[in-house]
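A.B. asks: Have a look at this one.
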Amino acid sequence: MSTIKLRNALRPDLQRCYEIERLSYSKEEAASKSNMQKRLIQFPQGFLLLENDKEIIGFINSGSCHEVKLSDESFKEMLGHDSQGKNIVVMSVVVHPHYQKQGFVSLLMKKFIEDMKNLKKEEIFFICKKELIPMYEKYGFKDLGESSSTHGGVAWNEMSLPLI
């Protein structure tokens, strides 16, 4: 069995993360490489990787802000990001398709939540597809209802987890 490691992303990790993003989301939903690079550079403490002995197998990336507008597409480009912001907006939670359904999302989520608490953040927000709501509720997230976001041309629900 391989060793699993969680750590913050570094610039050389960008290409592998971009490959996983493209494999895991539709073309319309996947982040651009330049947007992922902005997230990595501007908020590395919010870009958590999961890797085994061979390769990066999943990640979560995010930004920080004072005021949350989940339907604001410009935030995906880190416009409005402030590392001192009290709120976290997650942009991607993704595990490579070959490693899905093995509990890796759970490892990522638990460590990410712990990291954000240690950074003294107050709340984590994100949008997800309706079928994923029960999975995120296992970590304490609450469904805030349907989002006005039309990212990727699909319907989304807004989720939130207070940390304080």
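The values are calculated or read from the model by the stated rules, or taken from the named source; none is laboratory data. Fair warning: this is a prediction, and the values are worked out from it, not measured in the lab. Ideal geometry is used to build each Cβ from the backbone, glycine not excepted, and the neighbour counts take in all protein chains shown.
A.B. asks: What tally of residues in segment 137-163 results from selecting those that are part of a loop (DSSP other than H, G, I, E, B) and at pLDDT 90 or above?
C.D. replies: Residues meeting the conditions: 5.
A.B. asks: Which residues, taken from segment 52-76, are in contact with a helix residue (DSSP H, G or I) (Cβ under 9 Å, 6 or more places away or on another chain) and either of a type in the set (S, T, N, Q) or under 15 Å from TYR18 (Cβ atoms) (or both)?
C.D. replies: Within segment 52-76, ASN52, GLU55, ILE56, ILE57, GLY58, PHE59, ILE60, ASN61, SER62, SER64, SER71, LYS76 meet the criteria.
A.B. asks: Same structure, new question: Sort out which residues of segment 55-92 are at pLDDT 95 or above, in contact with a strand residue (DSSP E or B) (Cβ under 6 Å, 6 or more places away or on another chain) and either exposed (fewer than 13 other Cβ atoms within 10 Å of the Cβ) or over 16 Å from LYS121 (Cβ atoms) (or both), and write them in order of number.
C.D. replies: ILE56, ILE57, GLY58, PHE59
A.B. asks: Related question: What residue, of GLU29, GLU21, is in a loop (DSSP other than H, G, I, E, B), closer than 20 Å to TYR136 by Cβ and either touching a residue at least 24 places away in the same chain (Cβ under 8 Å) or hydroxyl-bearing (Ser, Thr, Tyr) (or both)?
C.D. replies: Working: GLU21 fails: in a loop (DSSP other than H, G, I, E, B).
Residue meeting the stated conditions: GLU29.
A.B. asks: Filter segment 114-125 for residues that are aliphatic (A, V, I, L, M) and over 11 Å from the mean Cα position of the chain (by Cα); which is surrounded by the most Cβ atoms within 10 Å (Cβ to Cβ)?
C.D. replies: Going through the qualifying residues, I end up with MET116.
A.B. asks: Among the residues of segment 47-77, which ones are part of a loop (DSSP other than H, G, I, E, B) and under 21 Å from LEU161 (Cα atoms)?
C.D. replies: Matches in segment 47-77: HIS66, GLU67, VAL68, LYS69, LEU70, SER71, ASP72.
A.B. asks: Can you work out which of the residues in segment 136-164 that are of a type in the set (A, V, I, L, M, F, W, C) and closer than 15 Å to SER92 by Cα is surrounded by the most Cβ atoms within 10 Å (Cβ to Cβ)?
C.D. replies: MET159
A.B. asks: Here is a further query. Looking only at segment 1-28, which residues are crowded, with 16+ Cβ neighbours inside 10 Å and acidic (Asp, Glu)?
C.D. replies: Once the filter is applied, which keeps residues that are crowded, with 16+ Cβ neighbours inside 10 Å and acidic (Asp, Glu), segment 1-28 yields ASP13, GLU21.
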